[in-house]
1. What is the spin-label model distance, in nm, from Glu72 to Ala176 if the labels are put 7 Å beyond Cα along the C-beta direction?
2. Could you check the simple spin-label distance between Glu52 and Ala234, using points 7 Å along Cα→Cβ, in nm with one decimal?
3. Sort Phe231, Phe87, Phe163 so that the residue with the fewest other Cβ atoms within 10 Å of its own Cβ comes first and the one with the most comes last.
4. Roughly how many debye, to the nearest 20, is the charge dipole of segment 59-125 about its Cα centre, given +1 on each Lys and Arg Cβ, -1 on each Asp and Glu Cβ, and no other charges?
5. Quantify how much of the Cα-Cα distance distribution of segment 177-271 extends past 23 Å, in percent.
6. Per residue and in Å³, how big is the convex hull formed by the alpha-carbon atoms of segment 1-144?
7. Along the Cα-to-Cβ line of Leu279, 7 Å from the Cα, sits a label point; which residues in segment 214-246 have backbone N less than 14 Å from it?
8. Return the percentage of antiparallel bridges among DSSP beta bridges fully within the chain, rounded to the nearest 5 %.
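Readers should treat all values here as calculations from the given coordinates under stated rules, not as data from a laboratory. No experiment lies behind these values; they were computed from the predicted model shown. Reconstructed Cβ throughout: ideal geometry from the backbone, glycine too, with neighbour counts over all protein chains shown.
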Amino acid sequence: MIEIENLSKTYDGRPAVDDVTLTIPSGEIATIVGTSGSGKTTLLRMINRLVEPTAGSIRIDGRDTRDVPPYELRRHIGYAIQGHGLFPHWDVARNIATVPRLLGWDKAKAASRVDELLDLFQLEPDQYRNRMPHELSGGQKQRVGVARALAAGPSVLLMDEPFGALDPIIRAKAQADLVDIQRRLGTTIVLVTHDMDEAIRLGTRIAVMSEGKVLQYASPAEIITHPADDFVEAMLGSGDKAFRLMTLTKVKTVVEPGTAEGQPVDSDLSLRDAYSEMLWSQRDRLPVVSDGKPVGIISRDALDKRAARPQ
Ligand code: ADP
Ligand code: MG
C-alpha cells in the first residue's frame with residue numbers, strides 16, 4: 001500500500017505538486033491523469049525519491065520513504081518511462097538485467113530471470129535476448145522497457161506515460177498485456193497518462209490532476225458518472241459516456257444462453273471490445289467462451305439496450 005499524505009513540491013516558490021493526499025491499495029493500478037504541466041511526473045518521481053518532497057510524507061507498506069535509502073527504495077520500485085529508456089549499446093538481456101546486476105545477482109540467476117520475463121512478454125528468448133535495441137520494433141522496445149522495470153521483482157511499478165510513443169493498435173495491445181501481467185504478478189502500479197481513455201482502461205482508481213492538485217480520486221465508474229467538477233468533466237471530454245461505461249463491464253455479465261457462428265469472444269473482454277468485434281465482423285451475435293469452453297452468446301440487442309441506458 002502506498003500512502004501519500006499532504007505531499008507538496010515547490011520550485012522557486014511555485015507549487016508543482018500542491019498538498020496531495022491519496023492512498024493506493026496493494027495490487028491495484030492507480031492512474032494519474034491531467035494536462036501537461038499539472039504535476040503528474042513530479043508526483044510520481046517523489047514516490048521513489050527521484051524528486052525530494054518539499055513537504056508531506058509517503059509511506060510504502062507502512063514505512064516512511066524518508067527512512068529508506070534511495071538505492072534500497074528503487075530496488076523495490078520499478079520505473080518505466082515514455083519511449084522506453086533502453087541503453088542503446090546494450091543488448092536486450094543486459095538491459096533487462098540492469099537492476100539485478102546492480103543488486104549483485106549471480107549471472108545464472110539474472111539470465112534465467114531475463115528469459116522468464118521475455119517469455120512473459122511474448123518475446124521468444126532465443127530470438128530476442130541478444131538483440132540490440134535498434135533491432136526491435138517500437139512495441140518490442142517498450143515491452144523490454146517494462147520487463148526491465150520488473151526485473152528485480154518490485155512490489156511497486158511506477159510508469160510515466162509508458163505507451164505515449166506507440167501507435168494506437170500496438171498501444172491497445174501493450175495496455176492489455178500490462179493488465180494481464182499485473183494480475184499475474186500482483187504488482188501495485190502507479191501510471192501517469194494525459195489520456196483519459198487510457199486512465200479509464202487501466203486504472204482501478206483514477207486521480208485527476210490540475211495545477212498540482214488532485215481534483216478527484218475515485219473509481220473509473222464514479223469519475224464517469226459523477227465528475228467532481230467542471231474540470232474533470234472537461235477532461236472526460238464529449239466522449240460517449242455509455243461507451244466509456246462499456247469499457248468497464250465484462251462480457252460475462254451479459255451472456256445469454258444460445259449458440260452463434262464464427263470466432264468467439266472471451267467472457268473477460270469488455271463490452272466495448274465485444275461491440276467493436278460485432279461491428280467489424282458484421283455479426284449480431286457472438287459466441288462467448290470462458291477458459292476456451294462455450295458459455296453462451298452476447299447479442300447486439302443487449303448491447304444496444306445498454307448503450308441507450310447508461311447507469
Ligand atoms: P506533468 O508531468 O503533469 O506534465 P510536471 O510534474 O513535469 O508536469 O511539472 C509540473 C510543473 O512543475 C510544471 O510547471 C513544470 O514546469 C514544473 N517543474 C517540474 N520539474 C521542475 C524542475 N526540475 N525545476 C523547475 N520547475 C519544474
Ligand atoms: Mg510528465
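1. Here the answer is 4.2 nm between the modelled labels.
2. 3.6
3. Phe87, Phe231, Phe163
4. So the magnitude is around 280 debye.
5. Tail of the P(r) past 23 Å holds 35 percent of the pairs.
6. Hull volume normalised by residue count: 144 Å³.
7. 239-246
8. 55
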